[in-house]
Amino acid sequence: MFVNKKISLAIIISLLIFIVPFSLYGVELPLEAQSAILMDAHSGKILYEKEPHQKLFPASMTKLMTLVLAMEVIESGQIGLDDLVTVSEHAASYYGSHIFLAPDEKLTFYELLLGVAMASGNDASVAVAEYISGTHQAFVDLMNQKAGELGMKNTHFVNCNGLHDPQHYSTAYDFALLAKEALNYPLLLQMCSIKHYRIRTETNRPFQYDNKNKLLWFYPGTDGFKTGWTEKAQYCFVGTCQRDGFRLISVVMGVPVPRGHFAETKILYNYGFSQFSFREFYKAEEIVGWVKVGKGKVNEVAVIPVQRVGITLPRGDSTKIETQIEIMPLLPAPLEKGEKVGHISLVKAGEILMRTDLVVKESVAKGSLWQMFGKVLRGVFS
């Protein structure tokens, strides 16, 4: 009898070993969220999903789009972080989650952005929107335009802060796309990861922002993004976390219990980090080759990938992956920094798994007539 039990146990273990590697992408996680998704931030590959395209109310997760559009105008130079913004009566009238703005109060654009990112201020969001676009509605139009550009096909915004409206909706998948875009802005990530910040310190109305993303305190590697709650939306969270160079994006929507959006995000992260890892081949600024330059001030220029080159694989996967680098042999000057000159591919058994563009690291100006003449002479004598 004892022998039979041992044999049965061995058979069960063998079956589990055989089954588990093939069930990674079809795994069932104990989530109460109506919709959830886990994405590899590097490639956009979906590692887990539950009703990812179900249209739901995003609540204050909406403010992530407000922050992304703010980053765009900052990078373009249209608006500076130190700009003083005068709060309108309209913006100050928004309550719910707010930072107690007063009409005609002046705060820097940076302080308002922190009020959006950390304290989830509905009033701060409208003040930011009005400063960027002139009116709240014009900014909402910009939000919907950006959603279209990002492929957020099941999203429609009515406001910049997520206050409930039947026509204000999105999906977990769409917000994962938005989070991937948000990662292009280090400043946004930095603001979302601040735990405490005080404003009006020299007035009789001091106020402290306490970040609503509690995973910053108790889940190592967390550095973004945005919580959300309304009675209709229930608890929501769009987040990101990085460990050992491997970054995940998570979204949970429609979680029925308080703090459940954090608990269920932890389940997603635990699954992702335990089952997958990132294999890096080249860093973003690493030189992978050189391209010859004709009629330029220099004869050649370094070539680098536009982003780090790597791939997310199931943990323990020792599959042999090769890199194939293709660079144009010769290009005429002038060349602009970042100009595409080839690509690098990750190849497994003849199949291309991922392809990344290669660009020139520096600009190369066209050489003068005397420089060209000198090159000819050197060629003759050499």
Self-check item: J(HN,Hα) series, region 42-47, from Karplus relation 6.51 cos²θ - 1.76 cosθ + 1.60, nearest Hz, glycine and proline x
Solution: 6, 9, x, 5, 7, 9
Quiz prompt | Total formal charge among the other residues, if their Cβ is under 15 angstrom from that of Y94, Lys/Arg +1 and Asp/Glu -1 | solution = -4
Quiz item: Once amide H atoms are placed 1.01 Å from N in the peptide plane, what residues at a sequence separation of 5 or more from Y209, or on another chain, have their amide H within under 5 Å of its amide H?
Solution: Y197, R198, I199
Practice problem: Starting from the Cα gyration tensor of region 121-222, take the square roots of the eigenvalues, sort them a ≥ b ≥ c, and report rounded, prolate or oblate (rounded when a/c is under 1.5, otherwise prolate if a/b is larger than b/c, else oblate). | Solution: oblate
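Could you work out the helix-only [θ] at 222 nm for the chain, with each DSSP H run of four or more residues adding -39,500 (n - 2.57) and the total divided by the number of residues, to the nearest 500 deg cm²/dmol?
For the chain, the value works out to -9500 deg cm²/dmol.
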Quiz item: What residue among N270, N161, N213 has the largest mean-square fluctuation in a Gaussian network model of the chain, using Cα springs under 10 Å?
Solution: N270
Quiz item: Which of I37, I327, I267 moves most in a GNM of the chain, Cα contacts under 10 Å?
Solution: I327
Quiz prompt | Within-11-Å neighbourhood charge of E264 [Cβ basis; K, R +1; D, E -1] | solution = +2
Quiz item: In whole Hz, what ³J(HN,Hα) sequence does region 120-133 give by Karplus (6.51, -1.76, 1.60; θ = phi - 60°), x for Gly and Pro?
Solution: 6, x, 5, 5, 4, 4, 5, 4, 5, 4, 5, 5, 6, 10
Practice problem: Determine the relative contact order of region 23-103: mean sequence separation of Cα pairs under 8 Å and six or more apart, normalised by residue count, in whole percent. | Solution: 16 percent
Quiz item: Based on the alpha-carbon gyration tensor of the chain, what equivalent-ellipsoid semi-axes (square roots of 5 times the eigenvalues) come out, in whole Å, largest first?
Solution: 41, 36, 16
Quiz prompt | Distant alpha-carbon pairs in region 283-381 (separation over 21 angstrom), percent | solution = 45 percent
Quiz item: Among K55/K266; K63/K232; K266/K337; K55/K348; K55/K106, which pairs are too far apart, with a Cα-Cα distance over 29 Å?
Solution: K266/K337; K55/K348; K55/K106
Practice problem: Indicate the gyration tensor shape class of region 193-255 (rounded, prolate or oblate), computed on the Cα atoms with a ≥ b ≥ c the square roots of the eigenvalues: a/c under 1.5 is rounded; otherwise a/b larger than b/c is prolate and the rest oblate. | Solution: oblate
Practice problem: Starting at the first residue of region 298-309, write each ³J(HN,Hα) from the Karplus equation 6.51 cos²θ - 1.76 cosθ + 1.60 with θ = phi - 60°, in whole Hz, x for Gly and Pro. | Solution: 10, 7, 7, 9, 5, 10, 10, x, 6, 8, 5, 9
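Just so you know, all these numbers are worked out from the coordinates, no wet-lab data involved. What you see is a predicted model, and the numbers here were worked out from it, not measured in a lab. Methodologically, a virtual Cβ is constructed for each residue, glycine included, from the backbone with ideal geometry; neighbour enumeration extends over all protein chains shown.
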